[in-house]
Amino acid sequence: MKIMKIVLASGVVLSLWGGAVTADAAKRVTLPAYPQQRVFTFKAKGTKVYSYPRAAYRHSTVLGTDQSTTKKWTVDKVVTVKGHRYVRLALVSAKNLPHGTIVPNASKTKKTLVGGYVALSKLKFHQQIASMTTVKKTAYWTPTTTQDFWDMPKHTLGKTAASHYGHTYGYRTIYAIQSLTTKQHRQYLYFETAAGKAIGWLPKTAVTKGQYPDLLKRELSRNLAADSTAVTTVDKAGHVKVGVALKDGQVKRVALLQQNSETTVYDYQDGQVVKQTIRTSAGKVKHAAAVTPTKSLTFKAQADFDIQGYKYQVKVTPAGQVSVMSVGGWMA
């Protein structure tokens, strides 16, 4: 029985660090077998790096010697010779998506040792992941789309990269199926679509639990039983919209849904705007104040995309008709 317990415990460890195959392997993220793509530093300066392990080929050349015990490396290949493991060095990288026209600076790191081999025993392993577990499929949505989805959370493995822009799967319900906690206690969730298409990882702080709500409906119906409501799209890509609620033939409320999922609500009394309330995506009041009463309401809206954006002027007539005029784009 004791032996069986040891075997089962080993299986649990392998499922986390060795990339074990499960029934849901097509949907779940699994890690490559240690030590591949883990993060290392050299234990001592002056360690020789060879073109191929000397233990296997005595004529292999010395590519150089490492001069740092703090520079981080990763491993992309493992060779076992006479019971000892040798690894091929690769640079640690975290590749962002090319937003706008911003081009990342080229790496100035010397690549003399890249592709060279060193005994695994000469390296010190730096664990980046504290835990990675499967969770019950749970609905979330992103109140903003500034965070991109990653194939693995940034810097948790030797090579990580952003795989989808945040706005690609913004303003909809997405589903978490895995959870990851780093050694620095940062939490991430791995998402897929309702149909099971893999998306990627986001920080847990970047999402809100639950189905994607109808934020305009929430604000237009808050303590108000309107006879009718109408919604006008200001910017489709930015998901910027304006909603109008009428009762007894008069405008009672106008709500602007902004790109960051905040809402600006204008309440009417006797046919005139009298109050403005700004709420967060969660519905918490961020700002509330009385405004100078007016029958015709005019306000600005905008949608930002990387280094460019679009400005709009929105006008709501006393009858509740909405007109939107673009006032052009700009370059930041």
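The values are calculated or read from the model by the stated rules, or taken from the named source; none is laboratory data. This is a predicted model, so every value here is computed, not measured. Here Cβ is always computed from backbone atoms with ideal geometry, including for glycine, and neighbour counts include all displayed protein chains. When the accessible area is computed, the model is the full protein with side chains, heavy atoms only, and any ligands, DNA or RNA have been set aside. Shrake-Rupley method; radii C 1.70, N 1.55, O 1.52, S 1.80 Å.
Things worth noting here:
- Complete set of residues in the range 36-79 that are open to solvent by 50 Å² or more (accessible area, probe 1.4 Å), at pLDDT 95 or above and charged (D, E, K, R): K43, K45, K48, K71, K72, D76, K77
- Any hit, the range 107-116, residues being at pLDDT 95 or above and not in a loop (DSSP other than H, G, I, E, B): no
- Out of V285, V265, V254, sole residue that is touching a strand residue (DSSP E or B) at 6+ places or on another chain (Cβ under 7 Å), within 27 Å of Y169 (Cα to Cα) and either in contact (Cβ under 8 Å) with a residue 40 or more places away in the chain or of a type in the set (S, T, Y) (or both): V265
- If you check D227, D248 for being touching a residue at least 12 places away in the same chain (Cβ under 8 Å), on the phi > 0 side of the Ramachandran plot and open to solvent by 40 Å² or more (accessible area, probe 1.4 Å), only one passes: D248.
- Residue within the range 291-299 that is farther than 23 Å from T146 by Cβ, touching a residue at least 60 places away in the same chain (Cβ under 8 Å) and surrounded by 17 or more Cβ atoms within 10 Å (Cβ to Cβ) present: no
- Scanning the range 141-153 for residues that are open to solvent by 50 Å² or more (accessible area, probe 1.4 Å) and of a type outside the set (V, I, T) yields a total of 2.
- Among the residues of the range 279-317, those that are more than 18 Å from L220 (Cβ to Cβ), of a type outside the set (D, E, K, R) and outside any strand (DSSP E or B) comprise S296, I307.
- Unique match (being polar (S, T, N, Q), touching a Leu at 6+ places or on another chain (Cβ under 9 Å) and either buried (at least 17 other Cβ atoms within 10 Å of the Cβ) or under 25 Å from S51 (Cα atoms) (or both)) among T156, T138: T156
- Among residues of the range 118-139 that are more than 30 Å from T80 (Cα to Cα), those with a Cβ under 9 angstrom from a residue that is loosely packed, with under 13 Cβ neighbours inside 10 Å and hydroxyl-bearing (S, T, Y), sequence gap 6+ or separate chain, pair up as T134/T22.
- Residues that are on the phi > 0 side of the Ramachandran plot and either part of a loop (DSSP other than H, G, I, E, B) or in contact with a helix residue (DSSP H, G or I) (Cβ under 6 Å, 6 or more places away or on another chain) (or both) within the range 44-71 comprise just one, G46.
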